[in-house]
Amino acid sequence: MTEILHIDWTRCDGRGLCTELLPTVLVRDDWGYPLALQATNGNRSNPAISPGNIEAAREAVHLCPKLALSLVPEQAKPRQ
Amino acid sequence: MDNALWAFGRMSGVVSLVLFSVAVILGILNRSGRPLFAIPRFSMTLLHRNVSLLATVFLVFHIVALMLDSYAKLNVIDVFVPFLGGFKPFWQGLGTVAFDLVLAVVATGLLRHRLGQRSFRAIHWLSYAMWPIALGHAIGNGTDGTSKWFVVLAAGSLAAVGAAVAWRLSANFLETAKARQGGLS
Ligand code: HEM
Ligand code: SF4
């Protein structure tokens, strides 16, 4: 089952840990905030995580200094 | 045996103080959002955590050695409740306060995901109080507190942590400070 990396914009402060851990999924914008390289369902805030990236995504969820990240199953559509 | 405990108790206190200085500086580096040299940001957070835990381990060595030592004879109450000690109660009490603060900061740091960001941050600020209190305890209570090598070490640590705090308070502290001030080129 694919999981979605949900970024809570009310918490994220663009510290860039997640972009380092998931270089094939996220890029940093000019202000440091993460942005999905590829849109998932036309949405660049909630990228789908392939099985190969799951471990790195869990690390990012664990280490994000602002507790802004969560992994959610694809069906339970996260808030945009 | 007794002399060895006494020496070990003092040295582990010094090692702990140095490690806590490094932990504070790493915490501040973390907060800036910058990677250090070739060390990526996620490794910096882990480094900050691990140095903090190591410092805490040495702090526990320090306390346990002086509890077992027949001269210092710390008891369990001295370890948790400040200012009741028989010998230099004020300076020893500072050590107790610092230890209590370390316990709070480390426990909430490890349980960050369960507590939530707000409580974690509120308690984590106490680390800035903990460090000078620990330094005061070391100088005031330590047998070596006023010997030359220790004064040099203390002054060096104060300069390093002081510089880090000054940088923390400066306008361009955050990695993203320039961009967010509208200075995009
Ligand atoms: C295992 C325990 C610890 C963990 C998991 C931990 C975790 C963290 C995290 C995630 C941050 C970044 C917060 C942010 O960027 O918003 C931080 C910052 C910081 N930490 Fe720790 N920490 C621990 C122990 C300690 C200890 C023992 C000290 C003090 C000696 C300390 C001092 C600091 C300082 C000074 C900052 C910067 C705070 C600021 O200015 O915003 N930490 N820590
Ligand atoms: S690690 Fe957390 S705070 Fe940093 S950019 Fe990613 S989501 Fe935002």
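The values are calculated or read from the model by the stated rules, or taken from the named source; none is laboratory data. None of the values given here were measured: they were computed from a predicted structure. Cβ sites come from the backbone with ideal geometry, for glycine too, and all protein chains shown count toward neighbours. Side chains are part of the model used for accessible areas, which takes the heavy atoms of the whole protein and leaves out ligands, DNA and RNA. Shrake-Rupley method; radii C 1.70, N 1.55, O 1.52, S 1.80 Å.
Between A:Asn41 and A:Glu74, full extension at 0.36 nm per residue minus the direct alpha carbon distance yields a gain of 10.8 nm. Annotation: per residue accessible area for the stretch A:3-73 equals 45 Å², rounded to a whole number [probe 1.4 Å, protein chains only].
Over the stretch B:2-180, what is the relative contact order in percent, taking alpha-carbon pairs closer than 8 angstrom and at least six residues apart? Show your work: numbers first, answer last.
Working: 187 pairs, mean separation 43.9, N = 179.
25 percent.
Each residue of the stretch A:8-16 is assigned a 3J(HN,Hα), and the resulting list reads 8, 5, 6, 10, 4, 10, x, 7, x Hz, derived from the Karplus form 6.51 cos²θ - 1.76 cosθ + 1.60 (θ = phi - 60°), x at Gly and Pro. Could you check the simple spin-label distance between B:Ala160 and B:Val60, using points 7 Å along Cα→Cβ, in nm with one decimal? Distance between the two pseudo-spin positions: 2.4 nm. You can think of it this way: the chain between B:Leu169 and B:Leu111 has 18.1 nm of extra reach, that is 0.36 nm per residue less the Cα-Cα gap.
Interface residues of the stretch B:27-74, defined as those with an accessible-area decrease of at least 40 Å² between the chain by itself and the complete set of protein chains (probe 1.4 Å), are B:Arg31, B:Arg41, B:Phe42, B:Thr45.
Within the accessible surface of chain B, defined with a 1.4 Å probe on protein heavy atoms only, the carbon and sulfur portion equals 72 percent.
Applying 1/(1 + (r/R0)^6) with R0 = 45 Å to the Cβ-Cβ distance of B:Met67 and A:Thr24 gives a FRET efficiency near 0.30. Can you tell me the mean projection area, over all orientations, of the convex hull of the protein assembly as shown's alpha carbons? Units nm², please. That works out to 17.4 nm², a quarter of the Cα hull's surface. Helix A:54-63 and the longest principal axis of the Cα set of chain A meet at an angle near 40°. Other protein chain C-beta atoms within 10 Å of residue C-beta, averaged over B:109-115: 1.
What's the FRET efficiency of A:Trp9 with A:Ile54 using the Cβ-Cβ distance as r and R₀ = 35 Å, to the nearest 0.05? Display every interim value, and only then the final one.
Details: r = 23 Å, r/R0 = 0.65.
The computed FRET efficiency comes out at 0.95.
Quick one: angle between helix B:89-110 and the longest Cα principal axis of chain B, in degrees between 0 and 90, rounded to 10, please. Orientation of helix B:89-110: about 40 degrees from the principal axis. Find the centroid of the Cα atoms in the stretch A:50-68 and in the stretch B:114-151, then give the distance between the two in whole Å. Distance between centres, Cα-based: 32 Å.
When a 1.4 Å probe is rolled over the protein heavy atoms, the share of accessible surface on the stretch A:3-73 that falls to carbon and sulfur comes to 54 percent.
Axis angle, to the nearest 10 degrees, between helix B:2-32 and the longest C-alpha principal axis of chain B: 10 degrees.
Below 8 Å, C-alpha to C-alpha, sequence gap of six or more: please give me the relative contact order for the stretch B:1-95 in percent. Don't skip to the end; give the middle numbers.
Details: 92 pairs, mean separation 29.5, N = 95.
Over the stretch B:1-95, the number comes to 31 percent.
Look at the Cα gyration tensor of the stretch A:3-73: its axes a ≥ b ≥ c give a/c under 1.5, and that counts as rounded. Sparse packing (at most 13 other Cβ atoms within 10 Å of the Cβ) combined with a DSSP loop state is found for the following chymotrypsin sites (Phe, Trp or Tyr not before Pro) in the stretch B:86-185: B:Phe87, B:Trp125. Peptide A:13-21 has a mean shielding of 5, counted as Cβ atoms of other protein chains within 10 Å of each residue's Cβ.
Work out, in µm²/s and without decimals, the Stokes-Einstein translational diffusion coefficient of chain B at 20 °C, 1.002 mPa s, Rh from Kirkwood over C-alpha pairs.
Details: Rh = 17.7 Å.
Here the translational diffusion coefficient equals 121 µm²/s.
In Å², rounded to the nearest 100, what is the total accessible surface buried by chains B and A against each other with a 1.4 Å probe?
Values: alone 10830 and 5020 Å², together 14170 Å².
Counting protein atoms only, the buried area is about 1700 Å².
When the Gaussian network model of chain B links Cα atoms closer than 10 Å, the mean-square fluctuations of B:Gly85, B:Gly95, B:Gly156 top out at B:Gly156.
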